[in-house]
Amino acid sequence: MSYREKVAWLSLLAILVAFGPYFAVVATAPPDDTLPNLRQLWLFAIAVAVQLAILGAGHALFRLRTPEEAREPADERDLAIQRRSVSIAYGTLIAGVIMVAIIMPFYAGGWAIVNGAIFAIVLAELVSYGVTVVAYRRQS
């Protein structure tokens, strides 16, 4: 498994572990629209901190175990996979932004829109890393 594939798997895991519980809590106990909603801000801060901790520990482990792979520049295959995954994720993000910015204001407001935007970003990242993983798996 290449270094970039490992990083993609790590990123998928970090996003799922951090934001899976976040969205589960938001879905089961939607936040009220009072400002500032410190509970909601803390939930988001915890999710981001968990994601950063997983990514930091994973990258450190990868660099310690295989430092030569971590320093290796991206080849043409890596760049092609990155271009494809980013372009597909961009389409996902644009669809999410259209939903959040154009459609949701007609029936929702406040934290529902904020969480919709966060979900669109997280979903686009999942798509990007998912396409990367699938592309590396197909080529190995």
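The values are calculated or read from the model by the stated rules, or taken from the named source; none is laboratory data. Just so we're clear, the structure is a prediction, and the values are computed from it rather than from any experiment. Neighbour counts are summed over all protein chains in view; Cβ atoms, including those assigned to glycine, are modelled from backbone coordinates with ideal geometry.
Observations on the structure shown:
- Some residue of the range 36-44 being more than 20 Å from Val134 (Cα to Cα), buried (at least 16 other Cβ atoms within 10 Å of the Cβ) and without any contact (Cβ under 8 Å) to a residue 40 or more places away in the chain: yes
To keep it simple, each residue is scored yes or no on (1) surrounded by fewer than 16 Cβ atoms within 10 Å (Cβ to Cβ); (2) within 27 Å of Arg39 (Cβ to Cβ); (3) at pLDDT below 95.
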{"residue": "Ala108", "(1), (2), (3)": "yes, yes, yes"}
{"residue": "Val114", "(1), (2), (3)": "no, yes, yes"}
{"residue": "Ala124", "(1), (2), (3)": "no, yes, no"}
{"residue": "Thr132", "(1), (2), (3)": "no, no, no"}
{"residue": "Tyr136", "(1), (2), (3)": "no, no, yes"}
{"residue": "Ser140", "(1), (2), (3)": "yes, no, yes"}
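- On inspection, Gly20 fails the criterion of being part of a helix (DSSP H, G or I) and either surrounded by 15 or more Cβ atoms within 10 Å (Cβ to Cβ) or touching a Ser or Thr at 6+ places or on another chain (Cβ under 6 Å) (or both).
- The residues of the range 21-41 that are over 10 Å from Trp111 (Cα atoms) and of a type outside the set (Lys, Arg), listed by number, are Pro21, Tyr22, Phe23, Ala24, Val25, Ala27, Thr28, Ala29, Pro36, Leu38, Leu41.
- Met1 meets the conditions (1) surrounded by fewer than 16 Cβ atoms within 10 Å (Cβ to Cβ); (2) modelled with pLDDT of 90 or more in every case but one. The failed one is (2).
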